[in-house]
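Chemist: One structure is given below, represented as C-alpha cells, and several questions about it will come after.
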Amino acid sequence: MSSGTPMAIGESMLGPFVTGVLSLDDVSLEGKTVLLRVDVNSPINPENMEFMDDRRFTEFLPTLDDLSSSKVVIISHQSRPGKLDFTSTEPHSKLLSKLIGRKVDFVPDVCGQLAIEAIKSMSDGEILFLDNVRMVDEENTMKKSSQEILATSQIVRNLSSAIDAYVTDAFATAHRSSPSLAGFTNEVPCIAGRLMKREINALRTAVYDPPRPYVAILGGVKCDDSLKVAINLIENGAVDKIAMVGVVGNLMLWASGNDIGETNRQFIRKSLGDAFDETWKDSEMLVSQHHKILFLPSDVAIDEDGVRRNIGIDDLPTNYPIYDIGIDTMMRMRPLIMEANCLLWNGPASYFEKSDFAYGTVEIMNMFTEAPGITIVGGGHTSALFNQRGKAGEVSHNSTGGGSVLRMLSGGRMPVFESLEQSSEKFRPLLGSLGMSAE
C-alpha cells in the first residue's frame, strides 16, 4: 500500500460497539430539540486568544449534518476555572458558524432562564451554542458524583425540561463524570453521535479483536497509565508485541536491570509521584512475566550539554537526560511496524518539542503513514503531532481523545459509556411512543 493511503477499519474488523447503546441509526430526531454535548476544548493562542487547532470542531460535523432537521443546542467546555484559556464559548460559536456556513446563535447562559427561553423559541434547523458549561459550579464540583446525584443538578433539571433527546460526541471526556456528561441518563434518551461511535469501535478493535500480528507502541511521560494499557492488552490476549519508548521506555530499561542514571531515575520518580511504587511493581512484573512480548530500546539519545549524542544501552549509565530513542532502535522498529496487520500508538518516543530530539517520534510517525496494516493513533500529544504535520488523514484512525483513550485501553471505568448503556436500556422500548423510532 502506498504512503498516504491508510487501511480502512471495515465493519468486519470492528470490535463490538458498547452493548446496547443507541446510535443515530436507531432514532429519528427530525423536528426534535436535541442537546448535543461536544468537546471543543481547544488550544488558544494567549497573545490573540485565537484558536490554534479546529480539529475538535470538524470531527463532530457529521453528527451535526445528521441533525440538520432538528433544533440543536450545543454545550461544551473550554479549559477550567483559574486557567488563562478559561473563556466564554462565544468564539467557539463563531468558528463553528464559519466552518459550516450557517448561523450559530450564542447564548451567554448555560441553564438559566435566558438559555431555556432561547431553546424553547427555536425552529427546526436552528443551532444554539450555550456558554461554557464549566462556568456553572456544579459541573466542576459534582464530577465524582453518582449518576443519581448528577441528575439533581440545575444543569440537568433545567435543560432536560426543554429538550427531547441528548446526543454526545464528547469522546475526549468520556472518562469523566459530570452533570453535562452523564447526568441525562434517565431524563431523556441519550444517544452516541457519529464521532463517539467511530472512536469506540476503533479503540475496541485495538483492545479486543485486532487483526494479527498486532503491535502496540506506548510512550510519553504517563508511565502508570501506559503500563496499565500494556497489562490490559496482554491479559486480553490481543497483542503480539509492545514497544516501549519515551519515558515509558526509560522506565522499562531501568526495570530490566539497565542503570539509566540518577538524573533519569529522579525524573521518573518525580513525574509519577505517589504512583511510583505501584508503577514500579507493574514494570517488574512485565519484565519477569512477559519479557518476550516487550520491545525495548537498544540505544538512546542523550542531551549532552545541549548536543544530541547517541549511546548504546551497554554504554549506560549516563548523567545526562535521555530524550529520544536511538538510530538502531528505529531501524529495529521498522520491520516490526511494516509486518503488523494492526498498529496502535499512544505517546511520543522523545522530547519532540526540542528539534534535535524529534527524530524518533517523527520517524515512527512516518513509518505509520507507510504501514500497510490498520493504524490507530491514540490521541493526546501523538495525535496532535499528526495534525500539526498534516498526516492525520494518512492513518486509519486518529483519536480525538487523550485521557479517555488511556482509560479505555487500560480497561478502566468510562462513565459516559455507562450512561449511554443505561439510557438505552430505559428508553429503547419507548422510542415509538416518543416519536423517535427510526423504523
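The numbers here are math on the coordinates, done by the rules we state, and not lab data. The shown structure was predicted, so the numbers you read here are calculated from the model rather than taken from an experiment. Virtual Cβ from ideal backbone geometry, glycine too; neighbours counted across all protein chains shown.
Chemist: Please work out, to two decimal places, the log10 of the ratio I(q)/I(0) at q = 0.18, 0.20 Å⁻¹ from a Debye calculation in which every Cα of region 212-372 carries one identical scatterer.
Modeler: Result of the Debye calculation: -1.09, -1.34.
Chemist: In addition: Using the alpha-carbon centroid of each, what span in Å lies between region 61-102 and region 25-51?
Modeler: If we compute the Cα centre of each part, the gap is 4 Å.
Chemist: Can you tally the net charge around V72? Count Lys and Arg as +1, Asp and Glu as -1, for every other residue whose Cβ sits under 13 Å from the Cβ of V72. If you can, show how the numbers build up before the last one.
Modeler: Details: positive: K32, R37, K71, R102, K103; negative: E30, D65, D66, D105, D124, E126, D164, D169.
Summing Lys/Arg as +1 and Asp/Glu as -1 gives -3.
Chemist: Shifting gears a bit: For K281, list the aspartates and glutamates whose Cα falls under 16 Å from its own Cα; do not include residues on the same chain fewer than 8 positions away.
Modeler: Excluding near neighbours in sequence, the set is D224, D225.
Chemist: Evaluate E = 1/(1 + (r/R0)^6) for N45 and S121, where r is the Cβ-Cβ distance and R0 equals 41 Å; express this FRET efficiency to the nearest 0.05.
Modeler: On the way: r = 35 Å, r/R0 = 0.86.
With a Förster radius of 41 Å, E is 0.70.
Chemist: Can you list the residues, at least 5 places off or on another chain, whose amide H is less than 5 Å from the amide H of L294, using H built in the peptide plane?
Modeler: Amide H neighbours of L294: I242.
Chemist: Further question on the same structure: Evaluate the distance, in nm, between pseudo-label points positioned 7 Å from the Cα of E418 and of S79 along their respective Cα→Cβ axes.
Modeler: In this crude spin-label approximation the distance works out to 3.1 nm.
Chemist: What list of ³J(HN,Hα) values in whole Hz, one per residue of region 272-288 in order, does the Karplus curve 6.51 cos²θ - 1.76 cosθ + 1.60 (θ = phi - 60°) give from phi, with Gly and Pro shown as x?
Modeler: 3J(HN,Hα) across region 272-288, in whole Hz: 8, x, 5, 7, 4, 4, 5, 5, 5, 4, 4, 5, 5, 5, 4, 5, 6.
Chemist: Given a Förster distance of 25 angstrom, what is the FRET efficiency for T263 paired with I327, based on the Cβ-Cβ distance and rounded to 0.05?
Modeler: Step by step, r from the Cβ atoms, then E = 0.70.
Chemist: Indicate, rounded to the nearest 5 percent, the antiparallel portion of the DSSP beta bridges found entirely in region 212-372. Mind showing how you got there, number by number?
Modeler: Numbers: 9 of 20 bridges.
Given both bridge residues lie in region 212-372, the antiparallel proportion sits at roughly 45 percent.
Chemist: With a cut-off of at most 15 other beta carbons within 10 Å, and DSSP calling the residue loop, which chymotrypsin sites (Phe, Trp or Tyr not before Pro) in region 48-107 qualify? Please list them.
Modeler: Passing sites in region 48-107 are F86.
Chemist: Run through the DSSP bridge list for the chain and note the antiparallel percent, rounded to the nearest 5.
Modeler: 25 percent
Chemist: Would you mind calculating the gained length between D277 and D356 on full extension (0.36 nm times residue separation, minus the Cα-Cα distance), in nm to one decimal? Write out the running numbers ahead of the final one.
Modeler: On the way: separation 79, 0.36 × 79 = 28.44 nm, distance 3.24 nm.
Taking D277 through D356 to full extension adds about 25.2 nm, to one decimal.
Chemist: Relative to the first principal axis of the alpha-carbon coordinates of the chain, what is the inclination of helix 223-235, with its axis defined by its Cα atoms, in degrees from 0 to 90 and to the nearest 10?
Modeler: Long axis of 223-235 versus the principal axis of the chain: about 90 degrees.
Chemist: Given the C-alpha centroids of region 383-439 and region 118-173, what is the distance between them in whole angstrom?
Modeler: 18 Å
Chemist: Still on this model: Which of W280, W345 comes first, and how do the rest follow, when ranked by fewest Cβ neighbours within 10 Å?
Modeler: Exposure proxy ranking, most exposed first: W280, W345.
Chemist: Taking other Cβ within 10 Å of each residue's Cβ, how do F171, F386, F368 sort, fewest first?
Modeler: Ascending number of Cβ neighbours within 10 Å: F386, F368, F171.
Chemist: While we're on this one: Using the count of nearby Cβ atoms within 10 Å as a rough guide to exposure, how do E199, E126, E425, E50 rank from fewest to most?
Modeler: Ordered from fewest to most neighbouring Cβ atoms within 10 Å, E199, E126, E425, E50 come out as E50, E425, E126, E199.
Chemist: Then there is this: If you line up the long axis of helix 415-427 against the longest principal axis of the chain, both from Cα atoms, how many degrees apart are they, to the nearest 10?
Modeler: Tilt relative to the chain: about 40 degrees.
Chemist: Considering only Cα-Cα distances, which of the following residue pairs are longer than 25 Å: K228/K292; K197/K391; K83/K222; K143/K228; K94/K222; K71/K197? Don't skip to the end; give the middle numbers.
Modeler: On the way: K228/K292 18 Å; K197/K391 22 Å; K83/K222 22 Å; K143/K228 23 Å; K94/K222 35 Å; K71/K197 22 Å.
Table pairs above 25 Å Cα-Cα are K94/K222.
Chemist: Any idea what angle helix 194-208 forms with the longest principal axis of the chain, computed on alpha-carbon atoms, 0 to 90 degrees, nearest 10?
Modeler: The angle comes out at about 40 degrees.
Chemist: Still on this structure, I have one more. When we measure straight from the Cα of K354, which aspartates and glutamates land under 12 angstrom away, once same-chain ones fewer than 8 places off are left out?
Modeler: Here the aspartates and glutamates satisfying the reach criterion relative to K354 are D303, D324.
Chemist: First select every other residue whose beta carbon is under 11 angstrom from the beta carbon of V188; then total the charges, Lys and Arg +1, Asp and Glu -1. Display every interim value, and only then the final one.
Modeler: Details: positive: K32, K426; negative: D164, E187.
Result for the local shell: 0.
Chemist: Could you tell me the calculated FRET efficiency between N236 and D137, based on Cβ-Cβ distance and R0 = 41 angstrom, to the nearest 0.05? Mind showing how you got there, number by number?
Modeler: On the way: r = 40 Å, r/R0 = 0.97.
The formula returns an efficiency of 0.55 here.
Chemist: Next question, about the same structure. If you project the alpha carbons of the chain onto their three principal axes, what span does each projection cover, largest first, in Å?
Modeler: Here the spans come out as 71, 47, 42 Å, largest first.
Chemist: Which one of L99, P415, N341 is farthest out on the positive end of the charge dipole of the chain, using unit charges on Cβ (Lys, Arg +1; Asp, Glu -1) and the Cα centre as origin?
Modeler: Going by the Cα projections, it comes out as P415.
Chemist: Another question about this same structure. Work out from phi, with θ = phi - 60° and the Karplus expression 6.51 cos²θ - 1.76 cosθ + 1.60, the ³J(HN,Hα) of each residue of region 238-244, listed in order in whole Hz, and give x for Gly and Pro.
Modeler: For region 238-244, the Karplus curve yields 9, 10, 9, 8, 10, 8, 9 Hz.
Chemist: Using the Karplus curve 6.51 cos²θ - 1.76 cosθ + 1.60 with θ = phi - 60°, work out ³J(HN,Hα) for each residue of region 107-114 in order, rounded to whole Hz, and write x for Gly and Pro.
Modeler: 10, x, 7, 10, 9, x, 4, 4
Chemist: Still on this model: Where the only charges are on Cβ atoms (+1 Lys, Arg; -1 Asp, Glu), what is the dipole of the chain about its Cα centre, to the nearest 20 debye? Mind dumping the intermediate values first?
Modeler: Values: 41 positive and 58 negative charges, 67 e Å.
For the chain, the charge dipole is close to 320 debye.
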